[in-house]
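Since the structure comes first, as structure tokens, the remarks are kept for the end.
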Amino acid sequence: MSDKGYLLKEDDLLPLSIGAALLGTGGGGNPYVGMLRARELIRQGAQVRVLPLDALPDDAWIGECGGIGAPVVGVEKIEEGRECYRAIRAVEDVSGVRLSALISAEIGGSNALEPVIAAAYAGLPVIDGDGMGRAFPEVQMTTFFIYGAKAAPAAIADDKGNVVVFKEVIDMFWLETFARGVSVNMGAAAGLAIAPMRMDFVRRTAVPGTVTQALQIGQTVLDARKKRQNVVERVVAATGGKLFFTGKVTDVRRDLVGGFSRGHAHLSGVGDWAGSEARIAIQNENLVLWVDGVPVIMVPDLIVNLELDTGEPITTEILRYGQRIAVIGLPVHDLMKTPQALDIVGPAAFGYPELTFIPLTSSAA
């Protein structure tokens with residue numbers, strides 16, 4: 001195994017989970033639960049190395065895995081822990097290859113930790129990157145699938161030991177349909193692994209450096225709290241984002257529909273936005289932010305809710321009435337802004353054909 005990269009330490013897991021929650025745009029599963037599971041494995045002696053995209057040869061096989069289901073379920077239905085591990089082993093068995101490393105489907109929330117947990121069981125490293133640079137609710141919404149990854153073989157595993165293999169699937173949309181249906185029957189929470197990908201393909205298509213990015217964002221949050229600084233301002237400066245609204249949550253509607261948590265959150269403005277109203281559309285993740293009826297951020301750009309005083313990222317399953325939040329926007333990686341990508345992850349793909357994507361620009365110097 002390459003000696004490049006760095007070993008994840010126990011002290012890295014909390015900031016990693018905070019940064020992943022922020023990049024998750026409200027989704028990806030509860031990050032604190034994922035952090036606890038990863039921490040126990042490291043405390044038991046597991047070692048997981050994070051490797052840069054140039055660490056492995058072109059012909060190395062990389063496995064992508066992550067949780068699939070509705071984030072709201074994951075708070076009450078705690079995973080057994082080896083769901084993704086069993087899924088990647090099933091894919092290895094049916095494909096006849098052995099993986100050299102794992103990579104996250106999405107850097108968001110608990111799904112940033114899923115490859116770490118599976119890698120700890122498998123004795124493999126994790127690649128410093130992911131397939132979204134954020135979180136999205138559907139299987140096909142990764143850079144890997146957008147730019148040509150095979151839809152099969154894939155495998156899904158639950159907490160009870162059930163493993164279902166998709167040996168032949170004609171495209172990524174059918175894989176989403178089949179995997180979503182199985183995940184619902186598995187309790188709306190399972191681990192999914194897709195077909196092995198060559199390292200040269202991953203190098204071209206992965207959003208680079210996102211594990212390290214999440215870790216650094218989390219460290220910024222913790223450092224700002226320690227120094228009693230304005231956490232939201234520090235996060236905006238560190239990420240190149242922009243503050244779009246501050247307000248109090250006045251209403252949240254969430255329904256579990258077809259394996260997704262769908263709904264809206266309404267906010268009443270405070271501070272500079274006193275007298276204004278905002279609305280956020282949700283499908284596991286935050287999709288569109290309207291301020292006074294005008295859409296100001298939309299997918300695939302990132303809409304992030306932070307607790308106004310502590311800067312704690314607020315995932316959609318814990319969003320509730322009375323919270324005072326700051327809503328910031330971050331520009332998504334360029335791989336998610338091509339016409340090819342926007343067909344899959346633009347506003348129309350989420351049921352908003354009337355919205356034309358206007359990309360955010362970074363405020364970083």
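Laid out as a table, the results:
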read-out	value
Candidate lysines for bridging to K4, where Cα separation is under 20 Å - those fewer than 8 sequence places away on the same chain excluded	none
Debye log10 I(q)/I(0) at q = 0.10, 0.12, 0.13 Å⁻¹ for segment 1-143, Cα point scatterers	-0.29, -0.43, -0.50
Cα-projected label distance for D334 with V94, points at 7 Å along beta-carbon direction, nm	3.6
Nearest 10 degrees, 0 to 90: helix 31-43 Cα axis against the chain principal axis	40
Crossing angle, helix 10-23 versus the chain [Cα axis fit, 0-90 degrees, rounded to tens]	60
Under 24 Å from the Cα of K226 - lysines, other chains or at least 8 residues apart	K9, K242
HN-Hα J in Hz across segment 144-158 - Karplus 6.51, -1.76, 1.60, θ = phi - 60°, x for Gly and Pro	4, 6, 4, 10, x, 5, 6, 7, 8, x, 9, 8, 10, 9, 10
With every protein chain in place, the chain: carbon and sulfur % of accessible area (1.4 Å)	51
Relative contact order of the chain, defined on C-alpha pairs under 8 angstrom at six or more residues apart (%)	20
Probe 1.4 Å - accessible area at D343, Å² to nearest ten	120
Choice from W290, W273, W61 with maximal GNM fluctuation in the chain (Cα, 10 Å cutoff)	W273
Residue-normalised accessible area of the chain, given per residue in Å² at a 1.4 Å probe	39
Heavy atoms of V332 accessible to a 1.4 Å probe, total area in Å² rounded to 10	10
Mean separation of Cα contacts under 8 Å (6+ apart) over length of segment 255-365, as relative contact order %	18
Fully extended contour minus Cα-Cα distance, from R228 to R279, at 0.36 nm per residue	15.4 nm
Relative contact order (%) - criterion: Cα under 8 Å, at least six apart; region: segment 204-280	19
Candidates G108, G96, G67: whichever shows maximal mean-square fluctuation once the chain is modelled as a Gaussian network with Cα springs under 10 Å	G96
Difference of contour (0.36 nm per residue) and Cα-Cα distance, S268 to Q47	75.0 nm
Rounded if a/c under 1.5, otherwise prolate or oblate - segment 300-365, Cα gyration tensor axes	oblate
Overall form of segment 98-207 per C-alpha gyration tensor (a/c, 1.5; a/b vs b/c)	rounded
Compactness relative to 2.2 N^0.38 Å, alpha carbon Rg of segment 1-44	1.28
MRE, 222 nm, helices only [DSSP H, n ≥ 4, -39500 (n - 2.57), over the chain, to nearest 500]	-9000 deg cm²/dmol
For segment 47-62 versus segment 264-320, the gap between their alpha-carbon centres in whole angstrom	36
Computed over segment 195-346, the ratio Rg/Rh where both radii use C-alpha atoms and Rh is Kirkwood	1.00
Tilt relative to the chain, helix 172-185 - C-alpha long axis, 0 to 90 degrees, to 10	90
Accessible surface ranking that places the most exposed of L267, L41 first, with a 1.4 angstrom probe	L41, L267
Values of log10 I(q)/I(0), in the order q = 0.11, 0.15, 0.17, 0.28 Å⁻¹, for segment 185-258 under a Debye, Cα-only, solvent-free model	-0.61, -0.94, -0.98, -1.23
Surrounding net charge for L175, when Lys and Arg each add one and Asp and Glu each subtract one, Cβ distance under 15 Å	-2
Calculated FRET efficiency for the pair E80/K167, C-beta based, R₀ 22 Å, to 0.05	0.35
Euclidean distance between Cα centres, segment 146-182 to segment 101-131, Å	18
Globularity ratio of segment 220-299, using Cα Rg and 2.2 N^0.38 Å	1.27
Radius of gyration and maximum dimension Dmax of the chain, Cα, Å	19.0, 61
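The values are calculated or read from the model by the stated rules, or taken from the named source; none is laboratory data. Remember, it's a predicted structure, so these values are computed and weren't measured experimentally. Reconstructed Cβ throughout: ideal geometry from the backbone, glycine too, with neighbour counts over all protein chains shown. We work out accessible area using only protein heavy atoms, side chains counted, and drop any ligands, DNA or RNA first. Shrake-Rupley method; radii C 1.70, N 1.55, O 1.52, S 1.80 Å.
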